[in-house]
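As structure tokens, the structure follows; a few thoughts come after it.
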Amino acid sequence: MAEVVSHDVLILGTGLAGLRAAVEIARRTGDSVNMGLVSKVQLMRSHSVCAEGGTAAVLREGEGDSLDLHAWDTVKGSDFLADQDAVDVFVETVPKEIRLLDHWGCPWSRREDGRIDQRPFGGHSYPRATLAADKTGFFEMQCLYDTLLRYANFKRYDEMFATSIVVEDGSFRCLTAIDLPSGEFVVLRAKALLIATGGLGNLFGFTTYSQTVTGDGQVMAYRAGMALEDMEFIQFHPTGLVPSGILMTEACRGEGGYLRNAAGERFMEKYAPKMMEAAPRDIVSRSEQTEIEEGRADAAVDGGHFIQLDLTHLGADKINKRLPLIREVCMKFIGLDPILEPIPIRPVAHYSMGGIETDIKGKCTVDGIWAAGEVACVSMHGANRLGSNSTAECLVWGGITGGEIIEHVGGSNGLRELPTARVEAEERRVFGEFLEMDGGENPYDIRHALRATIGENMSVFRTGEQMARALENVRELKQRFKNISVDDKGRIYNSNLMNALETEYLLDLAEIVVLGGLAREESRGGHSRRDFTERDDVNWLKHSLARCTDDGPQLDYKPVTITKWQPVERKY
Ligand SMILES: Cc1cc2nc3c(=O)[nH]c(=O)nc-3n(C[C@H](O)[C@H](O)[C@H](O)COP(=O)(O)OP(=O)(O)OC[C@H]3O[C@@H](n4cnc5c(N)ncnc54)[C@H](O)[C@@H]3O)c2cc1C
């Protein structure tokens, strides 16, 4: 039997959501609740450190902003698919989170008068993105980790790759994982689990996400019986650097940057005459894609096309002070100085609006499990997330789920029985079957082909025909995957094995994303169909749910919570 460790609480994922929950548990229990923090990478390499532009919050009620305005912007941005009760909780809580982080030492950028600064962001009708230059996520992570270090009752499990969430009789029992440095199989038991494993950007080749973001938590939850909600809604960010896809933060436009086509025209005038470049991401990405497809974009080095992100009129001082990372990345990666020349960009896969179905407090349908951050669907982003609302969501629901977990642990009677046979079966699956696979198919080729078909057929615009083709390709790839070889047969830091397991997660996810998209015969937010171009509130104002069955994903639907605002046409 594998090594077994036990804690009161397990936090799977140490990005912003996971760390915020850990701090909440530590500070409110005065270290009486014992936590295990699990991450497949070093804690400070969690993807949240890459967040750049800001965290949305209402801090200026006296100067024209209001909670209602933030809520309305979020609901309208979501194309009316957000649950409005969740949005209310969000806008009310996030200002407190900003102040908490301020007290804990987060170096927010400041105005001349010394107060916390904020900048404009897409789809927000007030400048409410709270920033730490253009390295906001890094400073937030650093601040949360520093704060956690004031407490002692936690253990870090860095480079620990979770392979499954074990649920029995409707309640959480344990995680199974590979300790990458030793190659040992580890069982982690606890009374409660928070899933905070982030997004799924690597379903696409052209993405802003690092290679580690592969939707593991979504698939482990799905396989353990939880539903995945609204998975067809993927966000394409308007400004991915060409050719790598590295994010050029929305703050570039928030600070006043322009988008131009090959003729130098600010084409957003045609698509969003009021908000122009500051319109929500789904609208700006569609506008760019239209310019590209109608032949008004420049040819790019990678054979595609690009739009120009022009910051030259902002001047050196502003760029150096407010967008230093952007300048550094452009100079290092493509040898271009944005003070002098426009940046080549195009729409890039960026964010998953869908995720594990939770209630308004982040609780999943399995007893003892919560989910927070990008992995979860609470649902406050609906069909399209507004920029700077994600780091904010991580802070809000990290805090809320932390509080809920404390209650649960306080009222529970110890650890539930370990289903030993299930754990042994998982160890055999990973080391007996997976590691020994020798069918000759290269798992990296399969991942590459998967990303190609998803990138081609599930992009800014989709059609039924394209999605049907993608589904066929994904199913073929799933068959091929049964015959892979994992080349490295060793145990110690076997990245071949980890990458193969991740690819299997991505294949499951791809099927769910495509099936959800095929079924949804309308255009809403990030799901924009050429063959069903209108939003259809009569038939499709509902969340989709995908459940795991022996016959593959089964789709179901549930209503959207509407409290204040009935859907209207979105104009910007
Ligand atoms: C380049 C970029 C810039 C962004 N900028 C902004 C911004 O300015 N404002 C904003 O609001 N949003 C921004 N976003 C979005 C935002 O950063 C993310 O949605 C958010 O940080 C996700 O945080 P998280 O805590 O949910 O997950 P993450 O930070 O991705 O953390 C996931 C954790 O789960 C762990 N994990 C995953 N799988 C496993 C496994 N199998 N076993 C063990 N551990 C596992 C990882 O190791 C990691 O610790 C940006 C996104 C990108 C890509």
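The set of residues in the range 124-144 being within 20 Å of the chain's Cα centre (by Cα), modelled with pLDDT of 95 or more and not hydrophobic (A, V, I, L, M, F, W, C) consists of 124, 130, 136, 137, 140, 142. Run residue 62 past the list (1) outside any helix (DSSP H, G or I); (2) open to solvent by 20 Å² or more (accessible area, probe 1.4 Å) and report the number of the one that doesn't hold. Exception for residue 62: condition (1).
In this entry, residue 63 is excluded by the filter for residues that are within 13 Å of the ligand (Cβ to nearest atom) and acidic (Asp, Glu).
Of all residues in the range 245-289, exactly one satisfies the criterion of being among the aromatic types (Phe, Trp, Tyr) and touching a residue at least 40 places away in the same chain (Cβ under 8 Å), namely 258. Report yes if residue 378 is crowded, with 23+ Cβ neighbours inside 10 Å, under 30 Å from residue 412 (Cα atoms), within 16 Å of the ligand (Cβ to nearest atom) and touching a residue at least 24 places away in the same chain (Cβ under 8 Å), otherwise no. The answer is yes for residue 378. Mind listing whichever residues of the range 416-439 are within 15 Å of residue 186 (Cα to Cα), under 31 Å from the mean Cα position of the chain (by Cα) and open to solvent by less than 80 Å² (accessible area, probe 1.4 Å)? Within the range 416-439, 423, 425, 426, 427, 429, 430, 431 meet the criteria.
Of the set (1) open to solvent by 10 Å² or more (accessible area, probe 1.4 Å); (2) out of contact with any His (no Cβ under 8 Å at 6 or more places or on another chain), all apply to residue 130 but (1). Among the residues of the range 530-544, is any of a type in the set (A, V, I, L, M, F, W, C) and under 18 Å from the mean Cα position of the chain (by Cα)? Checked the range 530-544: no residue is of a type in the set (A, V, I, L, M, F, W, C) and under 18 Å from the mean Cα position of the chain (by Cα). With (1) open to solvent by 30 Å² or more (accessible area, probe 1.4 Å); (2) in contact (Cβ under 8 Å) with a residue 40 or more places away in the chain as the list, and residue 67 as the residue in question, which single condition is left unmet? Single failed check for residue 67: (2). If only residues of the range 488-520 that are over 20 Å from residue 449 (Cβ atoms) and more than 16 Å from the ligand (Cβ to nearest atom) are counted, the one that is nearest to the chain's Cα centre (by Cα) is 516.
Taking the criterion of being surrounded by fewer than 23 Cβ atoms within 10 Å (Cβ to Cβ), not in a loop (DSSP other than H, G, I, E, B) and not acidic (Asp, Glu), the residues of the range 508-542 that qualify are 515, 518, 519, 529, 538, 539, 540, 542.
When each of 36, 53 is tested for being touching a Gly at 6+ places or on another chain (Cβ under 8 Å), within 15 Å of the ligand (Cβ to nearest atom), open to solvent by less than 30 Å² (accessible area, probe 1.4 Å) and among the small types (Gly, Ala, Ser), the lone residue that passes is 53.
The residues of the range 1-29 include none that are closer than 16 Å to residue 149 by Cβ, open to solvent by 20 Å² or more (accessible area, probe 1.4 Å) and within 15 Å of the ligand (Cβ to nearest atom). Based on this model, can you work out whether residue 462 counts as within 16 Å of the ligand (Cβ to nearest atom) and within 27 Å of residue 519 (Cα to Cα)? The answer is no for residue 462. Condition first: open to solvent by less than 10 Å² (accessible area, probe 1.4 Å) and not hydrophobic (A, V, I, L, M, F, W, C). Now tell me which residues in the range 223-254 satisfy that. Selection gives 229, 230, 232, 235, 237, 238, 239, 240, 245, 249, 250.
One residue alone among 245, 240, 215, 205 is closer than 27 Å to residue 461 by Cβ and near the ligand (Cβ under 9 Å from one of its atoms), and that residue is 215. Answer yes if at least one residue in the range 218-237 is more than 15 Å from the ligand (Cβ to nearest atom), closer than 28 Å to residue 540 by Cβ and in a helix (DSSP H, G or I), and no otherwise. Scanning the range 218-237, I find no residue that is more than 15 Å from the ligand (Cβ to nearest atom), closer than 28 Å to residue 540 by Cβ and in a helix (DSSP H, G or I), so the answer is no. If you filter the range 353-372 down to residues that are touching a helix residue (DSSP H, G or I) at 6+ places or on another chain (Cβ under 8 Å) and outside any loop (DSSP other than H, G, I, E, B), you find that the one that is surrounded by the fewest Cβ atoms within 10 Å (Cβ to Cβ) is 363. If you go through the range 39-50 and pick out every residue that is of a type in the set (Val, Ile, Thr) and near the ligand (Cβ under 6 Å from one of its atoms), you end up with 1.
Residue-wise test of (1) under 30 Å from residue 22 (Cα atoms); (2) among the polar types (S, T, N, Q); (3) free of Cβ contacts under 8 Å to residues at least 60 places away in the same chain.
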| position | (1), (2), (3) |
| --- | --- |
| 404 | yes, no, yes |
| 407 | yes, no, yes |
| 410 | yes, no, yes |
| 414 | yes, no, no |
| 433 | no, no, yes |
| 443 | no, no, no |
| 448 | no, no, no |
| 454 | no, no, no |
| 461 | no, no, no |
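Of these, 161, 172, which one is in contact (Cβ under 8 Å) with a residue 12 or more places away in the chain, of a type in the set (Phe, Trp, Tyr), more than 8 Å from the ligand (Cβ to nearest atom) and not in a loop (DSSP other than H, G, I, E, B)? Result of the check over 161, 172: 172.
Does the range 338-352 include one or more residues that are open to solvent by less than 40 Å² (accessible area, probe 1.4 Å), assigned to a helix (DSSP H, G or I) and within 16 Å of the ligand (Cβ to nearest atom)? No, because not a single residue in the range 338-352 is open to solvent by less than 40 Å² (accessible area, probe 1.4 Å), assigned to a helix (DSSP H, G or I) and within 16 Å of the ligand (Cβ to nearest atom).
The values are calculated or read from the model by the stated rules, or taken from the named source; none is laboratory data. On a predicted model such as this, the values are computed, not experimentally measured, just so you know. Because the Cβ atoms are built from the backbone with ideal geometry, glycine has one as well, and the counts that use them run over all protein chains shown. Just the protein is used for accessible areas: all its heavy atoms, side chains included, with ligands, DNA and RNA removed. Shrake-Rupley method; radii C 1.70, N 1.55, O 1.52, S 1.80 Å.
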